[in-house]
Each structure stands twice: as C-alpha cells, then as structure tokens.
Amino acid sequence: MKKMILSISLLLMVSFLYSQSAKRFYPASELISVGAYYYPEHWDESVWERDLKQMAKMGFEFTHYGEFAWAQLEPEEGKYNFEWLDRAIALADKYGLKVILCTSTATPPVWLVRKYAEVLITHEDGTRMDHGARQHASFSSTFYREYSQKMIAELAKRYGNDERVIGWQLDNEPRMSIDYGPDAHERFRVWLKEKYGTIEALNKAWGNDFWSGLYNDFSQINIPLHSQWGMNIHQRLDHTRFADWETASFMDKQARTIRKHITRDQWITTNYIPMYDVRYIGQSRELDFVTYTRYMIYGEGLGVGRKGYRIGEPLRIAMANDYFRPLSEIIGVMELQPGQVNWGQINPQPLPGAVRLWNWHVFAGGSKFTCTYRFRAPLYGYEQYHYGIMDFDGVRPSPGGLEFQQFIEEINLLRKHFVGLDVPDEYRKRYTGVLFDPNNAIAMAHNPQTTEWHTENHVLKYYKALKSFGAPVDFVRDTMDISKYPVLVVPAYQQMSLELIEELTNYASNGGHLVMTVRTGHQDPYGHLWEAPYAQPIYNLIGSEIEFYDLLMPHAPDHVKMDGELHSWTSWGEILKPFTGTEAWATFEDDFYAGKPAVIWRNLGRGTVTYVGVDTHDGQLEHKVLTRVFERAGIKTESYPEGIIVEYRDSFGIAMNYSDKNYAVKIPSGSQILVGQPNIAPAEVVVWKIE
Ligand code: GLA
C-alpha cells in the first residue's frame with residue numbers, strides 16, 4: 001500500500017514537473033517543427049492569403065509576425081491598429097499555421113523618438129543614433145524601458161488568450177546595450193552600488209589606488225570611454241557586465257509584462273545571435289527557453305576547400321547548438337538562412353543542398369523548431385536582395401525554399417519512426433563538457449597581452465577535435481552540473497575562484513578526465529593576478545608549477561614537440577615544472593627554455609588531469625593531446641575528417657558533409673537508413689534509425 005502511494009505521488013510529481021517544463025510546448029514525437037517569418041505589413045493585403053496558403057502547402061507549421069511593426073500597430077501615440085494583425089492571424093489559422101508574435105522594441109516609431117529623443121542611443125563620442133534603421137533605442141533609457149511596456153501590454157491583452165498564437169519573441173536579436181546617455185550613466189552607478197555596496201569595495205575591486213583612480217562617491221563614476229588609452233580595465237569589464245544585464249533585464253521586464261496577460265500554453269523567448277563574448281545570452285530569467293539565429297554564407301566563413309564558402313564553416317551551427325542547448329530545457333532556431341543574404345561582405349549563392357543540410361544540423365543539435373527569415377524576399381529597404389522561401393515574384397519557391405520543403409517532408413517521414421530519445425552508448429560515453437564563461441573572453445579581449453591571441457579560435461581547436469571524435473558536447477557554465485561529463489575541457493579560463501578550483505579537483509578525483517589549457521586560473525574573480533607565483537592556486541590540481549609564460553613575435557614562431565612531431569606557436573606558452581608523478585607529453589623545442597615541458601598529464605584520484613601549456617597555430621597538437629586523453633580514459637572515439645559531423649538525437653543518427661569530398665559513412669549494423677545513402681557528397685546528409 002505504502003509502495004503504491006509512493007509510486008502514485010512520484011508519478012504526480014513527474015507529470016507536474018513535466019507540465020511546468022518547457023518541454024510541454026513541443027512533444028518529443030513531433031521531433032522538430034518548421035516555420036517561416038511573414039511580414040503582412042510589407043505586402044498588399046490581396047496577396048496575404050495566397051502566400052500563407054503556399055506556406056502551408058509547402059508543409060510549414062507556423063509563421064512569425066510583427067517584430068518590426070510598431071509603427072503599423074501604433075501609427076500615432078496611443079492609437080492602436082491591431083485589425084490588420086487580427087486578419088493576418090485569422091488567415092494563418094485558416095491554413096493551419098500557428099503564429100509567433102513579437103514585441104517590436106527594436107524599431108520604435110518616428111513619433112516616439114521625435115517626442116522622446118532621450119530614448120536614442122548616445123555613442124561614446126556624444127553623437128546620437130537616429131530614426132531610419134533599427135536597434136537605435138537604448139535599453140538603458142529608463143523612459144524607453146517603461147514606455148515600451150504599454151504597447152507590449154496591449155498586444156498581450158489582445159492575443160494572450162488566443163490559441164492560434166503559440167508564443168512570443170521579445171525584441172529582435174537583442175544585443176549588448178552600449179549607451180552613453182545620461183540615464184545609462186546613472187543606471188551604471190546604481191548597478192555598481194548594488195554590486196559593491198561601498199565605494200571602498202569598488203575602489204579595491206577596480207584597483208583604484210593605481211594612477212590615483214580612487215573615487216570618493218559613486219556619483220563621480222561615469223561609463224568608461226572604452227577607446228580612451230589606459231582606461232581602467234576592471235571598470236571596462238564591469239561596464240560590459242552592466243550593459244549585458246541591461247539587455248537581459250529588459251527582456252525579463254518585457255516577459256513579465258506579457259506573462260500577466262497570457263495563458264500558460266504560450267511561451268516567451270527571444271532570438272539571439274550566437275556570440276560567445278556576451279553574457280546576456282542565458283542571463284534572462286523570465287524566458288521559457290532560448291533560441292538563436294544562424295547565417296552560414298555571408299562572405300566570411302571559408303569552410304572546407306576552395307568552394308567551402310558555399311556550405312559554410314562546419315562548426316558554426318554545431319557550436320551554436322552545443323552552446324545554446326545547455327542554457328534551457330528546450331531550444332529553437334528562430335532564423336536559419338534560406339539562401340543568399342544581402343548584408344555580407346560578399347553574398348554568394350549557397351551550394352545546392354546546403355540549406356537542407358543546415359536544417360538537418362539544427363535538428364541534430366536538439367532544436368524543437370527551425371524557422372527562417374523570411375518567406376517572401378524583400379523587394380525594397382535595407383534588406384532587398386535577401387533571399388526568401390519564395391523567389392522575388394512571390395510565386396515560385398526559391399531553391400532554398402524547395403530545400404526547406406524537402407526537409408519538412410523528410411521530418412514527416414521520421415515522425416513515423418519516432419520511438420524514443422535514445423542515443424548509442426559509445427556516443428554517450430564520449431559526452432564532453434566545455435567549461436566556458438564569456439566573462440573571460442571579454443577580459444582577454446580588453447587585455448590580450450599579445451596580438452597573436454584569439455579566444456574563440458583557441459576554444460575551437462579543442463571543439464574541432466571533439467567533433468572529429470564524434471563526441472556530443474555541451475558548453476557549460478560554472479553554475480551547471482559538470483559531474484555528468486566523462487571529459488571536461490577548460491580552455492583559457494582566466495578568472496577563477498578558489499571554489500571552482502576545488503570543484504574541478506573533486507571532478508577529477510571522482511573519476512572525471514579534466515583538460516585545462518593556457519591562461520587558466522591566473523587571475524581571481526576580480527581579474528586581479530594572485531599575490532603568488534603565476535597561477536599558483538592551480539598547481540596542486542595540474543600537478544606542476546608554471547615557471548613563467550612567454551609570448552612570441554609573429555615573425556619568429558617556436559615549436560613544441562610531441563611524439564617526434566613539431567607544432568609551431570606564437571600566441572601563448574607556459575613553461576611547466578611538473579611534480580613527481582606527472583608525465584610530460586610534449587616539450588618546448590626552441591629558445592632558452594628548450595626541453596622544458598609544455599603539456600603534462602597526471603592521475604588524480606579516480607580521474608586524470610591534463611594541462612596544455614601552449615596554444616599552437618593549427619590545433620594539431622591540441623587534437624593529439626585530446627586523442628591521448630580519451631585513449632588513456634578508455635573512451636572509444638571516431639576520427640571523422642574535417643567537415644564531417646555525426647550526431648545522434650531521438651534514436652536517429654545524422655551524418656552531415658560540409659567538406660568538399662564524398663564521404664562513406666559507416667552506418668551501424670542493424671540500423672535502418674531513412675534519408676539519403678551512406679556515401680554522402682558535399683552538402684549531403686544521411687539519416688538512420690538505430691535499432
Ligand atoms: C537577422 C535579423 C533579421 C534579418 C536577418 C537578415 O538575423 O534578425 O531581421 O535582418 O538577419 O539575414
């Protein structure tokens with residue numbers, strides 16, 4: 001009897017938790033839902049029905065309205081015009097399309113900025129942004145933060161109970177709010193007071209005894225001029241923290257306004273550009289989940305091979321997936337490139353198949369929906385030339401549109417084969433966490449010490465190796481549970497607390513395989529160097545002292561030798577002095593410290609710790625070190641060539657080819673191929689069901 005009561009209460013608890021979790025919005029068996037942005041305000045109403053009917057006919061399941069429509073929704077102050085939106089929602093519903101609505105705080109109407117000019121962002125040089133573009137209103141304008149809630153509340157009251165509306169996107173690609181207006185300065189002072197409490201504590205944290213930087217009172221503090229030589233680096237870092245928080249808290253404010261008027265069947269999110277040196281991504285507390293936007297072909301990412309720029313960088317979607325997925329229970333991709341864009345340095349055509357490939361990669365990364373900017377290609381405005389799902393005539397689907405349609409058909413096929421959320425054991429055993437804090441990336445960008453250093457490239461060297469192993473990866477924060485990862489990589493984690501060092505020590509002692517790299521742990525959480533030998537607090541963890549660090553001139557690289565092979569470097573090298581029992585895996589080859597260890601490995605408790613004291617040019621050494629770490633840990637790895645990515649999700653294996661060569665995928669025996677075939681050409685995918 002007692003057992004029965006226990007299991008019933010457990011069941012009730014789980015279903016209650018499930019009902020609270022964001023997972024309720026997207027049943028696992030639906031796999032992924034596909035949508036497309038539509039701008040009724042851009043087209044004559046006579047074509048709306050044709051377009052939405054076409055969208056539904058192509059298999060899209062939802063559309064997205066209004067992130068830039070404030071002027072059309074409130075043509076004059078306090079005079080709202082929602083009727084056109086009502087009609088657009090009704091038409092979408094007529095063709096079975098659900099609707100995502102948005103708050104249009106990225107594009108305030110002209111009457112607002114003319115009447116309340118203080119909402120406009122002031123640049124460092126005192127000039128002000130103006131009407132005519134977007135994202136010109138400041139998230140640090142107290143007036144704008146309050147005033148915008150009126151429009152948002154009106155929208156939420158009108159559509160918050162509307163079953164045709166599935167969710168809300170706040171603003172559009174919100175960014176760090178750098179503003180030098182009077183409000184921003186005052187808000188910065190308030191934020192600092194809340195953080196430090198006393199001016200003495202701030203002076204200590206900022207090291208203001210240096211160059212007579214001392215403040216007597218918070219009222220004397222201004223937002224730092226980041227371009228002024230010698231500006232206090234601690235103040236600059238705190239300003240970026242404040243600016244990130246302004247963005248995150250403005251999203252929360254909007255979410256709270258909407259939440260008052262909507263049913264719990266509607267979700268709230270925003271669409272972030274994946275940036276790894278900002279903190280606002282994942283910082284908002286009121287969102288149901290996070291989404292990202294991704295563009296692959298915009299004249300920069302060269303990809304693999306001469307024409308790799310037509311498919312894009314193989315890790316660009318991978319890293320966004322693995323960075324966003326751990327930030328919320330579910331994730332979505334709010335914008336995926338549908339074809340040529342308008343805003344790149346150069347805007348090439350994607351390789352046929354690339355748009356479908358990107359969709360499969362978003363699916364492989366765990367996303368619950370993928371959506372595209374935009375259904376109809378814009379004919380005027382800053383973004384004309386940008387491709388859509390439909391060609392410029394609005395009648396014929398574009399090549400990318402047909403690829404979205406093909407992806408939708410393939411997902412409908414997969415839905416019939418959905419059995420559960422399993423992945424193969426071997427894949428799970430390779431699960432790797434990458435401990436990452438954008439704070440470090442910003443601090444190193446503010447104070448790099450060498451022009452040869454690039455934080456994202458440094459992290460990518462390890463990430464690239466992990467993806468070539470076929471390892472599932474999560475980018476994790478120090479607030480998350482790291483114990484579930486057999487392997488944890490901690491790249492260039494400059495600012496570290498003693499508590500975190502202890503947590504990493506426990507992680508390894510309990511059986512984890514920890515890999516730490518250069519620049520890690522040599523500053524405290526305030527960004528001060530320890531009053532001790534360089535990075536001393538990590539010595540016991542890595543099993544070695546670090547005698548000194550060295551930075552080389554670009555014209556005179558040195559080498560590190562591992563297994564007889566030389567690897568060149570310039571950006572950062574740390575000369576190691578290992579304790580007894582610590583193995584040296586690689587040594588510096590040149591210079592006055594030739595022969596000294598550059599890479600070390602040790603057992604610690606039931607786990608291992610590896611320290612890579614050099615950042616090489618091409619990442620080959622980093623790849624070799626990780627290969628040996630996994631070998632020593634008895635974790636079997638794959639070795640996919642550059643551009644080949646294999647992931648598992650919901651009992652499906654997905655192999656994607658971003659390279660310029662055909663690749664024969666080893667489909668596990670007993671698996672059933674559902675999409676494609678094992679020998680995949682560039683931009684092709686093969687999808688199988690594991691048995
Ligand atoms: C971003 C924006 C969209 C549009 C597209 C263009 O992702 O969110 O509004 O500007 O880029 O590619």
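Within the range 89-124, being open to solvent by less than 40 Å² (accessible area, probe 1.4 Å) and either aromatic (Phe, Trp, Tyr) or closer than 17 Å to residue 266 by Cβ (or both) holds for 89, 92, 97, 99, 100, 101, 102, 103, 116. Annotation: of all residues in the range 284-294 being buried (at least 19 other Cβ atoms within 10 Å of the Cβ) and either among the polar types (S, T, N, Q) or not in a strand (DSSP E or B) (or both), the one that is nearest to the ligand (Cβ to nearest atom) is 293.
Of all residues in the range 633-654, at least one satisfies being more than 30 Å from residue 518 (Cα to Cα) and either assigned to a loop (DSSP other than H, G, I, E, B) or over 26 Å from the mean Cα position of the chain (by Cα) (or both). For residue 488, the requirement of being assigned by TED's automatic domain parsing to the domain that holds residue 453 and out of contact with any strand residue (DSSP E or B) (no Cβ under 9 Å at 6 or more places or on another chain) is not met. Just one of (1) touching an Asp or Glu at 6+ places or on another chain (Cβ under 7 Å); (2) within 21 Å of residue 81 (Cβ to Cβ); (3) open to solvent by 40 Å² or more (accessible area, probe 1.4 Å) fails for residue 143. It is (2).
Conditions (1) part of a loop (DSSP other than H, G, I, E, B); (2) among the aromatic types (Phe, Trp, Tyr); (3) in contact (Cβ under 8 Å) with a residue 60 or more places away in the chain; (4) buried (at least 16 other Cβ atoms within 10 Å of the Cβ), marked per residue:
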site	(1), (2), (3), (4)
227	yes, no, yes, no
230	yes, no, no, no
238	no, no, no, yes
244	no, no, yes, yes
251	no, no, yes, yes
257	no, no, yes, yes
268	no, no, yes, yes
276	yes, yes, yes, yes
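Candidates in the range 343-367 are the residues that are open to solvent by less than 30 Å² (accessible area, probe 1.4 Å) and part of a loop (DSSP other than H, G, I, E, B); of these, the one that is farthest from residue 677 (Cα to Cα) is 344. The single condition among (1) touching a Pro at 6+ places or on another chain (Cβ under 6 Å); (2) open to solvent by less than 20 Å² (accessible area, probe 1.4 Å); (3) among the small types (Gly, Ala, Ser) that residue 613 does not satisfy is (1). May I ask you to verify whether residue 79 is of a type in the set (D, E, K, R), within 25 Å of residue 333 (Cβ to Cβ) and modelled with pLDDT of 95 or more? Here the answer is no, as residue 79 does not meet what is asked.
Screening residue 505 with (1) surrounded by 24 or more Cβ atoms within 10 Å (Cβ to Cβ); (2) of a type in the set (Ser, Thr, Tyr); (3) more than 18 Å from residue 621 (Cα to Cα) gives one miss only, at (1). If you take the residues in the range 36-69 that are aromatic (Phe, Trp, Tyr) and away from the ligand (no atom under 14 Å from the Cβ), which one is surrounded by the fewest Cβ atoms within 10 Å (Cβ to Cβ)? So, considering only residues that are aromatic (Phe, Trp, Tyr) and away from the ligand (no atom under 14 Å from the Cβ), the one surrounded by the fewest Cβ atoms within 10 Å (Cβ to Cβ) is 43. Of the residues screened, residue 339 is not one that is more than 16 Å from the ligand (Cβ to nearest atom), more than 12 Å from the chain's Cα centre (by Cα), modelled with pLDDT of 95 or more and more than 24 Å from residue 241 (Cβ to Cβ).
If you scan the range 359-389, which residues turn out to be touching a strand residue (DSSP E or B) at 6+ places or on another chain (Cβ under 6 Å) and over 16 Å from residue 334 (Cβ atoms)? Listed by number, the residues that qualify are 360, 364, 376.
With respect to residue 522, determine if the residue is at pLDDT 95 or above and more than 32 Å from the chain's Cα centre (by Cα). No: the conditions fail for residue 522.
The values are calculated or read from the model by the stated rules, or taken from the named source; none is laboratory data. This is a predicted model, so every value here is computed, not measured. Heads up, the Cβs are rebuilt from the backbone with ideal geometry, glycines too, and the neighbour counts pull from every protein chain shown. With ligands, DNA and RNA removed, areas are computed over all heavy atoms of the protein, side chains included. Shrake-Rupley method; radii C 1.70, N 1.55, O 1.52, S 1.80 Å.
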